[in-house]
Amino acid sequence: MSKVALYRKYRPQKFEEVSGQNHIVDILKNAVKLGRISHAYLFSGPRGTGKTSVARILAKEAGCSDVDLMEIDAASSRGIDEIRTLREGVRFSPLRGEVKVYIIDEVHMLTKEAFNALLKTLEEPPKHAIFILATTEEDKVPGTIVSRCQHFSFRKIPYNILAEAMISGARKEGFEIDKDAAGLIALFAEGSFRDALGMLDQLFSLGDGNENKKITGEEARKFLSVPSSQTVEKFISSIVKKDAKAGIGAIEEAIGNNLNMKMFLKLILRNVRAMLLLRIVPEMKDEIKETFAADEFEFLEKNKDIPKDGELERTLKILLDSYDSQNRSYLPQIPLELALLKITSQKSL
């Protein structure tokens, strides 16, 4: 028997289990409570943030039975014939529940003709029908469709929520994952629960080889091709000391180990941001400490006050510009090398 993927196993089944989308869940719960459920919704936002899960929960709360829940993948069923079939079926009353719910995933993939056909249904829907459209590319959905839906924008899941979920999920599966490993997964997943749980599932193969089923940050770094904390700290030290040669050495070390340069820069950004927050918002110290391994946090604390006022802010801005240039660069290390030279230049700081 094949194993159930973690993101399916831990998919939320009720509103209370949805994390990171309180601004949406609170409104939908209230709409259900007051009996003010709309006939059409548009859920937009990044992948893996809970759009389809919330759509299924809303369908259930609205009184839809499993047999009356229709899920359509617009990526593979994008033509007018499929929407015509939907229009024919929507006229019939629910078989068991109070309503029929149609979830159309990646709705932006529909053809122009299919959108026009869907529009007619959204304009005059049967009272027993609810449509929930989900998309990762809201700008590709025609304005005529958007205007007939209640629109909810899903946000990327915050880093701390993802990291905590990884620790909790691992514990439920009989594994132990340290803060460093959980933080790396959260950073790598870029706000996606689905991606984070997928990586955690893969990392369990490392823990299975250990008697205590423990997954460390060091193991996670190797598995994800992420630079070691020492390499990251070496680069940050070069910034603090304005030592371009040492910084180039850290970059070469990362390249020599065939590591992910984009993730290297992302870790640098994370750490520099933490240093800035520790400096200007000291009351966040305990919160920041929870997201780093003990030795990493000690390094940040030790170095946060060395740069002059304003330098960390300017450094962060330069690194952010470098990150934005990463995908356009002929060689992945060039944006970071240019950023290093700019940061370590006395004139630029």
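Every number here is computed from the coordinates shown, using simple stated rules; none is lab data. Since the model is a prediction, treat every value here as computed from it, not as a measurement. Virtual Cβ from ideal backbone geometry, glycine too; neighbours counted across all protein chains shown.
In table form, for the structure just shown:
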quantity	calculated
Rough spin-label spacing in nm, given labels placed 7 Å along Cα→Cβ, for Glu287 and Ile334	3.9 nm
GNM flexibility winner over the chain from Arg328, Arg194, Arg148 (Cα, springs under 10 Å)	Arg328
The stretch 138-285: proportion of alpha-carbon pairs further apart than 22 angstrom, %	52 percent
Long-range HN-HN contacts of Ile177 with modeled amide H, under 5 Å	Ile215
Packing-based ranking, highest mean first, of 307-319, 176-188, 267-279 given that Cβ atoms within 10 Å are counted	176-188, 267-279, 307-319
Extension gain, Arg273 back to Leu119 (0.36 nm per residue minus Cα-Cα distance, nm)	50.9 nm
For q = 0.15 Å⁻¹, Debye-computed log10 I/I(0) when each Cα of the chain counts as one equal scatterer	-1.18
On Cα atoms only, tilt of 334-344 relative to the major axis of the chain in degrees	50 degrees
Cα centroid of the stretch 256-301 to Cα centroid of the stretch 326-343, whole Å	20 Å
Cα gyration tensor shape of the stretch 262-349, rounded if a/c is under 1.5, else prolate or oblate by comparing a/b with b/c	oblate
At R0 = 41 Å, FRET efficiency that the Cβ-Cβ distance of Ala294 and Glu71 yields, to 0.05	0.35
Principal-axis tilt of helix 294-303 within the chain, Cα atoms, nearest 10 degrees	60 degrees
Scaled radius of gyration (Cα, divided by 2.2 N^0.38 Å) that the stretch 1-96 gives	1.22
